[in-house]
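Visitor: So that we are looking at the same thing, I have put the structure below in structure tokens.
The numbers here are math on the coordinates, done by the rules we state, and not lab data. Because the structure is a prediction, the values reported are computed rather than measured. Positions of Cβ are backbone-derived with ideal geometry, glycine not excepted, and every protein chain shown enters the neighbour counts.
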């Protein structure tokens, strides 16, 4: 456990995050280009939706990340409450904007997809509504944290919202099974074989990987900014800056 | 064994999340009927659909049931879940994916003569993606892509609940 505590210290994590971030961005760019090439050029058209289905290469990875990032935030929130580690709270805050962005992308691309296929941009079905609530949870999280002056109290309040809000994630995921929705069921799940052609699935999974790498890179950069803000004036930071200047 | 402060804090979080989760499950269960986006024909026949206000029906467009009138944009078709069937009449433009044998969700009200008068018709596509050649090959091999099984499954489930 001691190595874990060492990396939970901002002094160790700050330079490490700075070194790792560019690699994650590079991985995201490379896999993103490959994924888009497979999805938009290599993969065939769909037998019922024609070209419109190609939005899945953006829509599905964005929707997956929107849910997964919230679970991660709740996880960091629990770590923060349990172990009182500052860095956990910082990671939680660093993830929120990326999560909100992916949620917005999922909703937006979904609307653009819905118009030509369903015949409407938006319906208030269980899947769409719960995903919209997720966007409000992300925005609420960021607003709550920004509204409280004292960073420690802000972290506590925000962590509580992250943990409470995580109840929404299984509702989003299972909404298409539990209730009649206009949104179709999952094409890819852990319990059933994928309901899509292999090359389409490959493109989508590569795009999901790219979204993952982007998320890690972006949150590492953001957590560095948060560390700088919170630890301004700390001895280790002064030493680090002095070393970098040499 | 002494209980450390962090164990106690973690236990409180676990209890809190559990309590919240159960509360949410109970609430969702209580609102079950308000969370469904549409009712299947079987549910309508089992009187599960609301009366006296607009609601949505969902199912498959019955094969060979679509009749367009040449005089205006009136379309007549039948919605089925392979157990029950409801005739629908609609004035308006249909979405591109509206097809016989495919999923559809129509909003409107049931008229006294049992015809569903729709004010909006949406296509419900499924979660299968494949190239047209693959779909054609499956059809030739005698295993066509099944129309949304969920309509049939949910209809059966709803009838079993009776």
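Visitor: If each residue's Cβ is checked for other Cβ atoms within 10 Å, how do B:40, A:181, A:120 rank with the fewest at the top? Spell out each step's value before the answer.
Guide: On the way: B:40 33, A:181 25, A:120 16.
With the fewest neighbours first, B:40, A:181, A:120 line up as A:120, A:181, B:40.
Visitor: What Kirkwood Rh does chain A have if only Cα atoms enter the pairwise 1/r average? Answer in Å.
Guide: On the way: mean 1/r = 0.0510 Å⁻¹.
For chain A, inverting the mean 1/r across all distinct Cα pairs yields 19.6 Å.
Visitor: Distance in nm between label sites at residue A:108 and residue A:133, each 7 Å beyond Cα in the beta-carbon direction?
Guide: In this crude label model, residue A:108 to residue A:133 measures out at 2.4 nm.
Visitor: Further, regarding this structure: If you rank A:41, A:148 by fewest surrounding Cβ atoms within 10 Å, what's the result?
Guide: On the way: A:41 8, A:148 14.
Fewest-to-most Cβ neighbours within 10 Å comes out as A:41, A:148.
Visitor: Using only alpha carbon positions, build the gyration tensor of the stretch A:156-197, then give the equivalent ellipsoid semi-axes as the square roots of 5 times its eigenvalues, largest first, whole angstrom. All intermediate terms of the calculation are to be shown ahead of the outcome.
Guide: Working: eigenvalues 164, 33, 11 Å².
Semi-axis lengths for the stretch A:156-197 are 29, 13, 7 Å.
Visitor: So what is the relative contact order for chain A, in percent, with contacts set as C-alpha pairs under 8 Å and at least six apart? Don't skip to the answer; put the middle values down first.
Guide: Working: 288 pairs, mean separation 83.3, N = 246.
That works out to 34 percent.
Visitor: Something else about it: List B:22, B:42 from most exposed to least, where exposure is judged by having the fewest other Cβ atoms within 10 Å. Kindly include the intermediate steps, with their values, before the conclusion.
Guide: Values: B:22 10, B:42 25.
Exposure proxy ranking, most exposed first: B:22, B:42.
Visitor: Need one value for A:172-183: mean number of C-beta atoms belonging to other chains within 10 Å of its residues' C-beta atoms.
Guide: Values: counts 0, 0, 0, 3, 2, 2, 5, 10, 16, 8, 10, 4.
Partner Cβ neighbours, averaged per residue: 5.
Visitor: Normalising by the residue count of the stretch A:95-172, find the relative contact order in percent from Cα pairs under 8 Å and 6+ residues apart. It would help to have the intermediate numbers written out before the result.
Guide: Details: 55 pairs, mean separation 23.6, N = 78.
The normalised contact order for the stretch A:95-172 reaches 30 percent.
Visitor: Compute the long axis of helix A:86-117 from its Cα atoms, compare it with the longest principal axis of the Cα atoms of chain A, and write down the angle in degrees, 0 to 90, nearest 10.
Guide: 20 degrees
Visitor: How far apart, in nm, are two points set 7 Å out from the Cα along the Cα-to-Cβ line at residue B:30 and at residue A:115?
Guide: Using points 7 Å along Cα→Cβ, the separation is 4.0 nm.
Visitor: In degrees from 0 to 90, rounded to the nearest 10, what is the angle of the helix B:5-30 Cα long axis to the longest principal axis of chain B?
Guide: Between helix and principal axis, roughly 30 degrees.
Visitor: Report the FRET efficiency, 1/(1 + (r/R0)^6), for residue A:229 and residue B:102, where r is their Cβ-Cβ distance and R0 is 51 Å, rounded to 0.05. Before the final figure, lay out each step's value.
Guide: Details: r = 54 Å, r/R0 = 1.06.
Computed FRET efficiency for residue A:229 and residue B:102: 0.40.
Visitor: Report the percentage of all Cα-Cα pairs in chain B whose separation exceeds 28 Å, rounded to a whole percent. Don't skip to the end; give the middle numbers.
Guide: Values: 5203 of 13041 pairs.
Everything past 28 Å amounts to 40 percent.
Visitor: Okay, moving on. Spin-label point model (7 Å from Cα, Cβ direction): what's the residue B:4 to residue A:148 distance in nm?
Guide: Each label point lies 7 Å from its Cα, and together they span 2.4 nm.
Visitor: Tell me the mean residue ellipticity at 222 nm calculated for chain A from its helices only (DSSP H runs of n ≥ 4, each -39500 (n - 2.57), averaged over every residue, nearest 500).
Guide: Numbers: 9 runs with 186 residues, N = 246.
So the calculated ellipticity at 222 nm is -26000 deg cm²/dmol.
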